[in-house]
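> Below are the structure tokens for one structure; questions will follow.
Derivation of every value follows stated rules applied to the coordinates shown; laboratory data play no part. This is a predicted model, so every value here is computed, not measured. Cβ placement follows ideal geometry from the backbone for every residue including glycine, while neighbour counts extend to all protein chains displayed.
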Amino acid sequence: MFTVISTARVYPPNEETLLDTRTVPGELKWAASPTEGGWEEVSIMDEKNVPIRTYQVCNVMEPSQSNWLRTDWIPRSGAQRIYVEIKFTLRDCNSLPGVTGTCKETFNLYYYESNNDREHYIRESNFLKIDTVAADESFTQVDIGDRIMKLNTEVRDVKVTTRKGFYLAFQDVGACIALVSVRVFYKTCPLTVRNLATFPDTNTGADTSSLVEVRGSCVNQSEEREEPKMYCGADGEWLVPIGGCVCNLGYEEKSGACQACKVGFNRAVSTDGACSKCPPHSHAEKEGATVCDCSPGYYRSESDPASMPCTQPPSAPQQLISEVNETSVVLEWSAPLKLGGRSDISYSVDCLLGALKGPLGAQLCLPCSQDVLFFPQQSGLRATRVCVSELQAHTRYTFTILARNGVSQGHSAGAGQSVSVTLTTNQAAPSPVTSIQAGDVTRHGVSLAWQQPDRPNGVILEYEVKYYEKDQKESSYRIMKTASRSADITGLSPLTVYLFQVRARTAAGYGEFSGPLEFSTNSDPLPLIGDASNSTLLLLSISGGVILLLISTAVFIISRRRGKYSQAKQDSDEEKHLNPGVRIYVDPFTYEDPDQAVHEFAKEIDASYIHIEKVIGIGEFGEVCSGRLRLQGKREIYVAIKSLKAAYSNKQRQDFLSEASIMGQFDHPNIIRLEGVVTRCKPVMIITEYMENGSLDAFLRKHDGHFTVIQLVGMLRGIASGMKYLSDMSYVHRDLAARNILVNSNLVCKVSDFGLSRVLEDDPEAAYTTRIPIRWTSPEAIAYRKFTPSSDTWSYGVVMWEVMSYGERPYWDMSNQDVIKAIDEGYRLPPPMDCPVCLHQLMLDCWQTERTHRPSFTQILNMLDKLIRNPTTTLRRTGGDRPVPSLLEPVVGPEFVSVWSAEDCLQAIGMGMYRDTLTTAGYTSPDSLLTLTHQKTYVKNKYLTPLQNMT
Ligand code: ACK
């Protein structure tokens, strides 16, 4: 009997055993051939005393042995290649005496594939040989009886793919062998998990080089990232893993499996990674959380990553301030105190008409009109500023600024995130009239119609139609006022191109003029010579010294007021249309807030649009500079810039800006035009049109004797026209003097300096202070501050004198007190050198002690127009010594009488009332009248003319 050492063995995991003789209980009872004398089954005990079956044969003494031993049928169980491990002992022939030639040391191994177990005996011819097996070098020593035997282990493999099972057979050819054990197995790649995919137990392929491709399946709580695959090699090893799986959200990989995240942790992204702790202000109360829920009062927006802390809506914006500018308002605020832990804050503006009433009062308000504009936008504002425009004038609005962030949606309590302001917009002038249409056009007229402005900003009181000949530009224009939205314009010249503009007026003042509408009147078959509606207008040019004589329609505004001077014949019927209503000047000091007045009448200009070039003088409040202004969308223009000195009191600022508030109300070619103001940054500035020739007094002194009388009268006419406009608006200038008249490059004179009126009113003692321009001021204004259009007329007379004397100082070197005294005694300034008598007469009329006897500016303007129309007769004779300038030629000479009767002259100069007295005294011709004035003037106090001698 054998005793086997170390036969106990553990199968490798990648081997599936089909047969192991050592584990078969009882006898094997394999088929043998021959059944006797060949292979014999022998039971022996292994080292653990467990009986095992062996087969032995030892016919070494007999030749030609062929002893077959066949196993039972072995189902292959899906194996494609089987391995046969044979443990055997083989006697060394040398150790056996007398066996030479017959003793063998090998045996043969066969197999036969079969679908079933039907073979009762061995059909040797069915078997295919696997190999001849010899004893190996490596062996284990086996103690058999008293001898040590060597235990060989040989493994052979063979492909078995054709039937369901197979038999193995051992052929002994004359050896002395003991088959200690036979184990048949096949190899598998054992179940494994790789990259979170499970790969099942897989039989290896049929060939030794074959690779079996296997698809893995994702482990629990995981999903495929890329199809998991591996190859099962022939030796039962897994090769080349491809793809794999990832744990589901809420799970993390641990030891090749997916484990749920612990409480307080989550895993929210499906990339690799472990569970992470819940971010601030969130929690996970169960295992396997994919997301941590926000704590009460905290939120997450849809786009917030789960790793981000939960956040809150912002608190209300702070410090909302509003700045109203007419019908616009600028709202500015500060960011909320609490941003809620986010940076995506934005603001929206709610606009309601009216005021909030109580905490829930918002419902009582109406939403604002769709026309209201928000710049840059109404909602989604990133900056803390918005400009709201196109509001209704003089209307109460409530603006609410709402702060929002990514978590405001649905969580915002509304009031908690908002701040409101209620304000009232200013009065604002109507928006421009846009749609003017011309109807019937005739030789002398046209009918116009237009629509109400888009934004009337109040009740429209009237419309003003301004029209002028295109060639003449705006230097002379006519105005017609009407309460309706149409006008029949008459008195136009035939075949002439006119421009028409319309503007509307409300209680807040005039809106802007519409763009000009241009068209031509029809032709006139017979131009009438000497037609009363035509007159001669001289356009003057200093540079060329050329007088352009143009026939044009008289374009001056004439009042229908009657008085001493109003008896002059009115020019035409057309005047009946003119000036039916008047705009009244508004004193800016009647405003509670002087800044409001400035912004009502003056446009705020962005300082960056102004380019200062040089200092041109010093004004009462600071420097005066010249420069350029380029407003958006407009061409660059030259401007004068008056600035307020750096250290100023509030009162000085108000006084300074009051000039702009006054100037801004005027729109006339002989009134200095205000471009705007700069009040929002320093220095505070007033921007006006630039007048190239500066102030009139200095200009005349510089060009002493250079102008024709008609040029000088042209200047005076301009000043009178501006003054008429001011008096029509009930504005009293109080400081009319040549120094306050500015002259542009076309010799157009414009009234400026609107700063004095207030100063005088404020100071009851001012009448006798040095600030009063005594020489230019009427006696009643000096005596008891009676400033009226008539006191301006007095000043105008002095300006006439200044002009005609080329900037001479009125009353020369006399003291103010002497001037007051002389005037009081009835003395007046004499005619300057070369001054036409009619002009001096007009001056004397302006200096009537009784103010109601002084001519109005309408009358003065009328007078000057007549003088200009008939210069050869009216302006020829002078009160001084110089001859009439030759440019007025052709001089009519003695024909004076034939064209200009003594009566006409008296009428023209407003002395018609003296006609009878003078005629009786023998003064029947203009020449004699001139003699009269000369004869009757004499000088008192060296210079002055006593006025009473004129009567
Ligand atoms: O006589 P001027 O050159 O004309 O000097 C004074 C100075 O500024 C102080 O008032 C001049 N000035 C004032 N306004 C204007 C203006 N709009 N255009 C040109 N010069 C001006 C004035």
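> So how far apart, in nm, are the two label points at residue 638 and residue 825 if each is 7 Å from Cα heading toward Cβ?
About 4.7 nm separates the two model spin labels.
> Sticking with this one: Take the alpha carbon atoms of the stretch 165-296, find their radius of gyration, then divide it by 2.2 N^0.38 Å using N residues; give the quotient.
Dividing the Cα radius of gyration by 2.2 N^0.38 Å gives 1.71.
> Pairs of alpha-carbon atoms within less than 8 angstrom and 6+ residues apart define the contacts here; what relative contact order does the stretch 697-850 have, in percent?
Over the stretch 697-850, the number comes to 26 percent.
> Additional query: Return 125, 348, 389 ranked ascending by Cβ neighbour count within 10 Å, so the fewest neighbours appear first.
Going from least to most buried by this count: 125, 389, 348.
> Please work out how much length the chain gains when fully extended from residue 369 to residue 646, using 0.36 nm per residue of separation minus the C-alpha to C-alpha distance, in nm with one decimal.
Between residue 369 and residue 646, full extension yields an extra 95.4 nm.
> If each residue of separation counts as 0.36 nm, what is the full-extension length gain between residue 681 and residue 434 once their alpha-carbon separation is subtracted?
Full-extension gain reported as 85.5 nm.
> If you add up the charges near residue 609, with Lys and Arg at +1 and Asp and Glu at -1, over every other residue whose beta carbon is less than 12 angstrom from its beta carbon, what do you get?
0
> How much length would be gained if the chain were fully extended between residue 442 and residue 459, taking 0.36 nm per residue of separation minus their Cα-Cα distance, in nm to one decimal?
Once the chain is fully extended between residue 442 and residue 459, it gains 2.8 nm.
> Taking residue 481 as the anchor, which lysines have their alpha carbon closer than 19 Å to its alpha carbon, excluding any fewer than eight residues away along the same chain?
466, 576, 724
> Now for a different question. If we count other beta carbons within 10 Å of each Cβ, what is the order of 11, 397, fewest first?
Listing 11, 397 from fewest to most nearby Cβ atoms yields 11, 397.
> How much FRET efficiency would the formula 1/(1 + (r/R0)^6) give for residue 274 and residue 11, where r is the Cβ-Cβ distance and R0 is 22 Å, rounded to 0.05?
0.05
> Here is a further query. Which distance in Å, rounded to a whole number, links the C-alpha centroids of the stretch 25-74 and the stretch 230-301?
The stretch 25-74 and the stretch 230-301 have Cα centres spaced 60 Å from each other.
> Can you list the GluC sites (Glu not before Pro) in the stretch 613-701 that are in a DSSP coil and have 14 or fewer other beta carbons within 10 angstrom?
Those satisfying the criteria are 636, 692.
> Going down the list 470/642; 645/821; 159/254; 48/150, which pairs span over 30 Å between their C-alpha atoms?
470/642; 645/821; 159/254
> Tell me the label-point distance for the pair residue 206, residue 40, using the 7 Å Cα-to-Cβ offset, in nm and rounded to one decimal.
Label at residue 206, label at residue 40, 4.2 nm between them.
> If you average the C-alpha positions of the stretch 773-821 and of the stretch 88-107 separately, how far apart do those two centres end up, in angstrom?
163 Å
> Pull up all non-local amide H partners of residue 282: gap of 5 or more, or a different chain, and H-to-H distance under 5 Å with H placed in the peptide plane.
Correct list: 295, 310.
> Go ahead and run the numbers for FRET between residue 295 and residue 224, Cβ-Cβ distance against an R0 of 45 Å, rounding to 0.05.
According to the calculation, E is roughly 0.80.
> Can you compute the FRET efficiency between residue 852 and residue 730 using 1/(1 + (r/R0)^6), with r the Cβ-Cβ distance and R0 = 30 Å? Round to the nearest 0.05.
0.95
> Which order do 625, 368 fall in if you start with the one that has the fewest other Cβ atoms within 10 Å?
Ranking 625, 368 by Cβ neighbours within 10 Å, fewest first, gives 625, 368.
> On to the next question. Give me the one-decimal nm value for the distance between modelled label points at residue 631 and residue 162, 7 Å along each residue's Cα-to-Cβ direction.
For the pair residue 631/residue 162, the computed spacing is 11.0 nm.
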